[in-house]
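Step one of this worksheet: look at the structure below.
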Protein chains: 2
Amino acid sequence: MPDPLLVRAARLEQVERTPVWYMRQAGRSLPEYRAIRAQHDLFAICRQPELCAEVTLQPVHRHGVDAAVIYSDIVLPVTGMGVSVNLVEGVGPVVDAPLRTAGDLRRLRPLHPQEALPWVLDSIRLVRAALEPERAVVGFVGGPFTVAGYLIEGGPSRAFAETKRCMYAEPRFWHGLMERLTAAFEAYAVAQVGAGADLIQVFDSWVGVLSAADYHEFVAPYSARILDAVVAPTIHFATGATHLLTELRAAGGDVLGLDWRVPLGQGWQAVGHDRGVQGNLEPALLLGPFARVAREADRILADAGRRPGHIFNLGHGVLPATDPDVLGLLREHVHERTASR
Amino acid sequence: MPDPLLVRAARLEQVERTPVWYMRQAGRSLPEYRAIRAQHDLFAICRQPELCAEVTLQPVHRHGVDAAVIYSDIVLPVTGMGVSVNLVEGVGPVVDAPLRTAGDLRRLRPLHPQEALPWVLDSIRLVRAALEPERAVVGFVGGPFTVAGYLIEGGPSRAFAETKRCMYAEPRFWHGLMERLTAAFEAYAVAQVGAGADLIQVFDSWVGVLSAADYHEFVAPYSARILDAVVAPTIHFATGATHLLTELRAAGGDVLGLDWRVPLGQGWQAVGHDRGVQGNLEPALLLGPFARVAREADRILADAGRRPGHIFNLGHGVLPATDPDVLGLLREHVHERTASR
């Protein structure tokens, strides 16, 4: 039995067609998801493996994508470290008591995924068992900067001013926090692979607010440890990070996730052709006419030129207002255009 | 009498020292400003020329910077076009009735700055009269994308999903809105120069959420018209826009504003040495130890190498938590390091 298409693409093997999946494909725009979500909040779904597996598999059935990405949130593991987080509708993750000083680190317990988050691992087992072998299960962890940002700011932020202040002014706190998150995310990623995840994506969504020099000094060593700890193929993703591509590459990842800001060909050039790239259609395009979506997808595929290592995806997560049918049409379009004859 | 230092630097003349000013230097972190702000909201200060001039001049006196930037907000002119906007503490500009359809454009009146915003022009006259001739008065307008984003989303946004949907799906509305904003901002910028502004900065703060191709199609023609209309030197600024530098340059600006994400030397290379650059110290650095601030300032100055056309500034606005004394120390540091002997 060959490995799933997505795994082979991530290893830069020549594949029979370009694999397609969508970040945040599970949830958000699907009516069958919204029906479940009306009864259960996000964390509650995560804690019920049958329900979580159902939500995870819904977009695979509906869109015919090449991977199931586990329904979860990047802040979920810190709830297993003793931090209370609420996902507030229309806001995002809100941390009851933000961490700001070295003393606050005492509130962070080490993460033992099997004890603290067994239901995530059970969900992965269920999804892996239910899914056809040619499709992949994608697990994920947050990037250490992005999660540290939520813990320090107490919620979503644009400037990450307090986070950066801690970086510059509180080195003992900053590096202590990054150490603890790194150890936790290593363990969490390894446990996900143990439960059946075929690839791990590291979502360092907001790290693009840092200069390359600051990324190098304050984040790269930690991201590198997480990416190194995973034996399965890894995807390393950030948004607004065109200026960080060579740094992100150096930190690791078999595949670098590109957002929509950089043309895929140019981004791949910056990353180097000895790595794969994932992306990178502008998610908001899916809110407009499909002719424009198809044209842009074709441009991305032309940029990729069927070079081994391209995984088709959006440049960031599916937007809640997206018509789910368009996601299926786009998947079909990419598969048709790239199928070997 | 020679022109102000900042004007000569923007014209790429060799100058006696590198000029320094700070975006959002007026207001925010100054205690003498906070005392006034406790009594009056932002728009109320703008409508009282004596008060507005006082707030505008406070940081010049305190920090010894080479320019006064008029205390205002980029959404102010749309209040003169019939749109009701509130600046909500901790949120930002909130538009009572967002614009979403071609029909909504009827609610936008043309802007006649002399009638609708006479107090802005009076404030500029007062500041210009009070300021030493070697210091410059910087006026500004918002970039058309950024202001359109507020009008469409109804407030601050991270994804600008609805704004982009309008771009892709509602061309008549999008281009109609951009036409109206462009005509208004042209008139507003020209009026500011007429009242005594020595330079105009175009703040297209959030346009970095667009790909270069989308910027080129949906924004560049409008920004170019605004920048072309101004006879005084212009500074064209965006954040998170390292991937757009050649597009921003093509749209115009004697000086391109760089945020902190790109090393100044690399950014200037991308922009071209026939233009000036402004920037680009990480604003959050000012929250940490001054030794790091000075080291980073020295690196920026080494990158600039006293090449004509560098204006020292932060990479974005002064953060509210900034100790104002640090702004003065930094100004002094840059002046000392760059003074011709």
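The values are calculated or read from the model by the stated rules, or taken from the named source; none is laboratory data. Computed from a predicted model, the values in this text were never measured in an experiment. Don't worry about glycine lacking a Cβ; one is built from the backbone with ideal geometry, like all the others, and counts go over all protein chains shown. Areas reflect the complete protein model, heavy atoms only, side chains present, ligands, DNA and RNA absent. Shrake-Rupley method; radii C 1.70, N 1.55, O 1.52, S 1.80 Å.
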Cα extents of the protein assembly as shown along the three principal axes, largest first, in whole Å?
-> 82, 55, 45
Percent of all Cα-Cα pairs per 5 Å bin for the stretch B:106-155, counting from 0 up to the last occupied bin, reads 4, 15, 16, 20, 17, 13, 9, 4, 1
Placing each pseudo-label 7 Å from Cα in the direction of the beta carbon, A:Asp323 and A:Ala183 end up separated by a distance in nanometres of 5.1
To one decimal in nm, how far is B:Gln48 from the same spot in the other copies, if labels go 7 Å from Cα toward Cβ? Please give the shortest first.
-> 5.8
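Rounded to the nearest 0.05, what FRET efficiency do B:Trp119 and A:Glu336 have when you use their Cβ-Cβ distance and R0 = 41 Å? Kindly include the intermediate steps, with their values, before the conclusion.
Working: r = 61 Å, r/R0 = 1.48.
Using R0 = 41 Å, I get an efficiency of 0.10.
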Estimated D of the stretch B:193-341 in µm² per second, where Rh is the Kirkwood radius over Cα pairs and Stokes-Einstein applies at 25 °C, 0.890 mPa s | 154
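Work out the length of the dipole vector of the stretch B:293-341 about its Cα centre, built from +1 on the beta-carbon of each Lys and Arg and -1 on the beta-carbon of each Asp and Glu, and round it to the nearest 20 debye. Don't jump to the answer; show the numbers that get you there.
Working: 7 positive and 7 negative charges, 64 e Å.
In total the dipole reaches around 300 debye.
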Can you list, shortest first in nanometers, how far A:Leu105 lies from the same residue in the other copies, with each label 7 Å from Cα toward Cβ?
-> 5.8
Could you work out how far helix B:49-63 tilts from the main Cα principal axis of chain B, as a 0 to 90 degree angle to the nearest 10?
-> 30
Under a point-charge model restricted to the Cβ atoms of Lys and Arg (+1) and Asp and Glu (-1), what is the dipole moment magnitude of the protein assembly as shown relative to its Cα centre, in debye to the nearest 20?
-> 240
Taking a label point 7 Å out from Cα toward Cβ, give me the nm distances from A:Gly82 to the same spot in the other copies, shortest first, one decimal.
-> 6.0
Rounded to the nearest 10 Å², the accessible area of B:His216 at probe 1.4 Å | 110
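Set the Förster distance to 30 Å, then compute FRET efficiency between B:Glu16 and B:Ala129 from the Cβ-Cβ distance, nearest 0.05. Walk me through the intermediate numbers first.
Values: r = 24 Å, r/R0 = 0.82.
After rounding to 0.05, the efficiency reads 0.75.
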Nearest 10 degrees, 0 to 90: helix B:290-304 Cα axis against chain B principal axis | 80
log₁₀ I(q)/I(0) of chain B at q = 0.08, 0.14 Å⁻¹, via Debye over equal Cα point scatterers, no solvent, to two decimals?
-> -0.34, -1.13
Charge context of B:Trp268, other residues only, Cβ under 13 angstrom, K/R +1, D/E -1 | +2
Separation of alpha-carbon centers, the stretch B:1-80 and the stretch A:231-264, rounded to whole Å = 39
Note the angle between two axes, namely the Cα long axis of helix A:118-130 and the longest principal axis of the Cα atoms of chain A, as a number of degrees from 0 to 90, rounded to the nearest 10.
-> 10
